[in-house]
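Here is the structure we will look at, set down as structure tokens.
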Amino acid sequence: MKRFQGRIAALTVILLCTVGLPVHAVELNVKPNRCITLHQGQLCYQKLNFQWQTAGTTQYCLYRADLDGPLLCWEGDDMQQFRYTFESPQGTDFYLVNEDSGEELARITIAVAWVYKSGKKVSTGWRLF
């Protein structure tokens, strides 16, 4: 029985050392994660609520992939949510970066959907009276 308990203890130590969470694990959430417009190609307007959890004294920034520069920067856990007015005819990515290391920590996509496709009608030349 002692031999079996020793193996369990050794296995537990190995698992704890190899399965631990990454040091910079950050979860990024946004609600809603989709913007819906009436016609394809129109600007879609949506108020997005971002939430995340960061720790320490590291500086973090939230970026929008199709814009230059960060939308918002903060240190450690000083900021945990952000409200943003999204305006775009197409979907885009948002991501969190650890500014000290330059490492991207989390990424999320905002999808743009539409009710009606492009308004171009195909004319066949036939008419029904």
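Somewhere in region 95-111, is a residue loosely packed, with under 10 Cβ neighbours inside 10 Å and over 16 Å from LYS47 (Cβ atoms)? The answer is yes; a qualifying residue exists. Within region 30-57, the set of residues being on the phi < 0 side of the Ramachandran plot and in contact with a Ser or Thr (Cβ under 8 Å, 6 or more places away or on another chain) comprises ASN33, CYS35, HIS39, GLN40, LEU43, CYS44, TYR45, GLN46, LYS47, LEU48. Being at pLDDT 95 or above and either touching a helix residue (DSSP H, G or I) at 6+ places or on another chain (Cβ under 9 Å) or not small (Gly, Ala, Ser) (or both) narrows it down to one residue among ILE14, ILE36, ILE110; which is it? Unique residue meeting the criteria: ILE110. Among PHE86, PHE4, which is the only one that is modelled with pLDDT of 95 or more and on the phi < 0 side of the Ramachandran plot? Result of the check over PHE86, PHE4: PHE86.
Scanning region 32-87 for residues that are more than 30 Å from TYR116 (Cα to Cα), touching a residue at least 40 places away in the same chain (Cβ under 8 Å) and part of a strand (DSSP E or B) returns TRP52, GLN59, TYR60. Within region 25-52, being of a type outside the set (Ser, Thr, Tyr) and more than 13 Å from the chain's Cα centre (by Cα) holds for ALA25, CYS35, ILE36, LEU38, HIS39, GLN40, GLY41, GLN42, LEU43, CYS44, GLN46, LYS47. Can you tell me which residue in region 88-114 is farthest from ASN49 (Cα to Cα), limited to those that are of a type in the set (D, E, K, R) and not in a loop (DSSP other than H, G, I, E, B)? Checking each candidate, the answer is GLU103.
The values are calculated or read from the model by the stated rules, or taken from the named source; none is laboratory data. None of the values given here were measured: they were computed from a predicted structure. Every residue, glycine as well, gets a Cβ built from its backbone with ideal geometry; the counts of neighbours run over all protein chains shown.
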